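The numbers here are math on the coordinates, done by the rules we state, and not lab data. Remember, predicted model here, so these are calculated numbers, not experimental data. Quick reminder, even Gly has a Cβ in these numbers, built from the backbone with ideal geometry, and neighbours come from all protein chains shown.
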Amino acid sequence: MPRTTEEYKKYQREYRAKRRKIDFEFAEVERQKSREWKNDNRDQIREYDRTTYWTLRFKVLEKLGNKCSKCPVDDFRVLQIDHINGGGHKELKKLQTTGILRKILNHPNLQLEYQLLCVNCNWIKRWENKEYGSYRVH
Ligand SMILES: [Zn+2]
């Protein structure tokens, strides 16, 4: 054991270095284990993700009224979640789909920021707001 301050500092430095090395190796082993587990359970994970996605999606649709906010369409297959003030694409990149659904579900002023639009109404809105991006034809 160290006796002087110098010795103690040296001991501490060495201890930290050793500790970092062990932590790093441990993390690497865990990462590898996790990769293998994901590989072995790929179908199960996919199934779980799908279930999670649809459960969340149906909850969001229900909270937003289960119907297009511009027309009478209420078929869940064509209903899309629309950010009233735009910015949906950027958010999707940042949070990914289930992240956004969770955020929407926990949003205090849900109805002020999000609405349901059917595919047609969504395209009309995009057209009117000139959000057609790469689909622009003229
Ligand atoms: Zn509509």
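Numbers at a glance
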{"item": "Length-normalised contact order for the chain - Cα pairs under 8 Å, 6+ apart - percent", "result": "24"}
{"item": "Unpaired by the 4.7 Å Cβ criterion, cysteines found in the chain", "result": "Cys71, Cys121"}
{"item": "Radius, Kirkwood style, for the chain when every pair of distinct Cα atoms is counted (Å)", "result": "19.5"}
{"item": "Length released on extending from Ile22 to Asp43, taking residue separation times 0.36 nm less the Cα-Cα span", "result": "4.2 nm"}
{"item": "Cα-based reach from Lys9 at 22 Å (exclusive), listing lysines while leaving out same-chain residues under 8 positions away", "result": "Lys18, Lys21"}
{"item": "Exposure proxy ranking, count of Cβ atoms within 10 Å, fewest first, for Leu56, Leu101", "result": "Leu56, Leu101"}
{"item": "Estimated 222 nm signal from helices in the chain, with DSSP H stretches of n ≥ 4 weighted -39500 (n - 2.57), rounded to 500", "result": "-22000 deg cm²/dmol"}
{"item": "Nearby lysines by direct alpha-carbon distance to Lys94 (threshold 18 angstrom, same-chain neighbours under 8 apart not counted)", "result": "Lys103"}
{"item": "Highest average packing first - 111-123, 19-31, 61-73, Cβ atoms within 10 Å", "result": "111-123, 61-73, 19-31"}
